[in-house]
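For reference, the structure discussed in these notes is given below.
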Amino acid sequence: MTNFLFDFNINEIPTPCFVLDEKLLIQNLEKLNYVQKSTGVKILCALKGYAMWSTFPLVRKYLTGATASSYHEALLCYEEMKSPAHLCCPIYIDTDYDKILEISSHITFNSLTQYERYYPKALSKGLKIAIRINPEYSDSPAALYNPCIPGSRLGVRRDKLGDTLPKGVTGLHFHSLCESDSHALENTLKAITEKFDSLLKQIEWFNMGGGHHITRKDYDVEHLIQVLMDFKAQYPNIQDIYLEPGEAVGWQTGYLVSKIYDIIENQGIYILMVDTSISAHMPDCIEMPYKPVVLGATDYIQGTKRYRIGGMTCLAGDFVGDYSFENDPQIGDYIIFNDMIHYTMVKTTTFNGINLPSIGIIKEDRTFQLVKSFGYHDYKYRLS
């Protein structure tokens, strides 16, 4: 069995389980707060990327609030972050609209038709209104995450806007970054200022969206600060600037802990069958796609035993691989997937009726706290 040098007792953790390390979360929040204090910008937690609300009392000590892309996210923000939501939904739905306005402070419209239909009531309720713009520039590594592709459904292109902001609009909003560095933001702002300069001079607030990988080890935070300060100097009329990363909040803050229940040899490949699912519990690995880091393992090294990790659903493609391990894994050993707190947790499903992973926290004093476990009720009552 591979030995993991943790400063907490891994044997206390039920499997499968998402495990957040509170100490690592605080490190991320402190770095984000450093950017806030150095620039005067406001950083929001994007719930689409990080929605572990049991940690929101901690998060709100550092960040300004949260951004929501649906009524349920807005309600979670209002109830657990204890602050009105910043809304940016691709569409607003009549049955939710009145409710969502009551618990929000800012609203962004994705199209001019949605703006025309819904802005009067938002204005009467005192919300600050923005239009989402399409920068027509993005260095996003995958089309799946690029809102600037031809025929995009996200954001209004410059040729659709006149020279004067629509009635009631006091802000603009863009979101075109994806796991990006500060230079990508700099290039994006250059494209935006070239196209939208006349409108930027009219706004009071500007939301620069998410995708800022601020807490990644190689991210140049000082360059980000300079980019933001330069932009503020260029547009002194803008009173509030917002960044809304989700991934940067939960980046490298924890694990998905699982156990091996079977080992199957097939044509020289050893498949480690674990009590979790790549497709149901780690869908980003298939969507992005990417191969998760497994503690105690490396990418497959020629000449060593080839291991592949298989999930517990009936989907043939429910696996990731290939890996080499420091020590040969055995049935009953832990398989620990690293960096599984952001995005992964919010996308889980109960496909095949398999149970959702539990959720727990390694507290600062290194004790384990089980926050949530799931069961048949969660599977049954999301169906009919």
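Values in this text are rule-based calculations from the coordinates and carry no lab data. Here the structure is a predicted model, which is why all the values come from computation and not from measurement. As a convention, Cβ positions derive from the backbone with ideal geometry for all residues, glycine included, and neighbour counts pool all protein chains shown.
Among ILE264, ILE149, ILE26, a tally of other beta-carbon atoms within 10 Å of each Cβ gives an order, fewest to most, of ILE264, ILE149, ILE26. A simple charge model with +1 on the Cβ of Lys and Arg, -1 on the Cβ of Asp and Glu and nothing else charged puts the dipole of the chain at about 1080 debye relative to its Cα centre. The ranking of THR164, THR170, THR188 by Cβ neighbour count inside 10 Å, starting from the fewest, reads THR164, THR170, THR188.
Phi angles across region 260-266 convert, under the Karplus curve 6.51 cos²θ - 1.76 cosθ + 1.60 with θ = phi - 60°, into 3J(HN,Hα) values of 7, 10, 7, 10, 10, 9, 9 Hz, Gly and Pro given as x. If only the Cβ of Lys and Arg carry +1 and only the Cβ of Asp and Glu carry -1, the dipole of region 22-248 around its Cα centre is close to 400 debye. Farthest towards the positive end of the charge dipole of the chain, among the residues ALA280, LEU356, ALA74, is the Cα of ALA74, using unit charges on the Cβ of Lys, Arg, Asp and Glu. Relative contact order for region 156-262: 31 percent, from Cα pairs under 8 Å spaced at least 6 residues apart, divided by residue count.
Using the Karplus relation 6.51 cos²θ - 1.76 cosθ + 1.60 with θ = phi - 60°, the per-residue 3J(HN,Hα) values for region 54-67 come to 5, 9, 4, x, 6, 4, 6, 6, 10, 9, 7, x, 8, 10 Hz, with x marking Gly and Pro. Counting only DSSP beta bridges whose two residues both lie in the chain, roughly 40 percent are antiparallel. Each of ASP328 and SER198 was given a label point 7 Å from its Cα along the Cα-to-Cβ line. The distance between the two points is 7.3 nm. Panel order for ASP139, ASP98, by other beta carbons found within 10 Å of each beta carbon, from fewest to most: ASP98, ASP139.
Annotation: lysines with alpha-carbon distance below 23 angstrom to LYS190 (same-chain offsets under eight excluded): LYS42, LYS160, LYS201, LYS232.
Among the listed pairs LYS23/LYS99; LYS217/LYS305; LYS23/LYS61; LYS61/LYS291, which have their C-alpha atoms separated by more than 25 angstrom in this model? Pairs exceeding the cut-off: LYS23/LYS99; LYS217/LYS305; LYS61/LYS291. Annotation: amide H of ASP322 within the under-5 Å range of TYR300, sequence separation 5 or more or interchain, hydrogens built in the peptide plane. Farthest toward the positive end of the dipole of region 22-248, out of LEU165, GLY211, LEU44, is the Cα of LEU165, where the dipole comes from beta carbon charges about the Cα centre.
The alpha carbon radius of gyration of region 22-248, expressed as a multiple of 2.2 N^0.38 Å, is 0.95. In the chain the longest region clear of trypsin sites (Lys or Arg not before Pro) that are loop-assigned by DSSP and have at most 10 other C-beta atoms within 10 Å covers 218-381. Couplings 3J(HN,Hα) for region 217-223, derived from phi with the Karplus relation 6.51 cos²θ - 1.76 cosθ + 1.60 (θ = phi - 60°), are 4, 8, 6, 8, 5, 5, 5 Hz, where x marks Gly and Pro. The shape of region 1-140 can be summarised by an equivalent ellipsoid whose semi-axes, obtained from the alpha carbon gyration tensor, come to 35, 18, 15 Å from longest to shortest. Computed over the chain with a Gaussian network model linking Cα atoms closer than 10 Å, the most mobile of GLY155, GLY268, GLY65 is GLY268.
For the chain, a Gaussian network of Cα nodes joined below 10 Å ranks GLY211, GLY250, GLY296 by mean-square fluctuation, and the top entry is GLY296.
So which residue, out of ASN355, ASN327, ASN187, gets the largest mean-square fluctuation from a GNM of the chain using Cα contacts under 10 Å as springs? Checking each option, the largest mean-square fluctuation is seen for ASN327.
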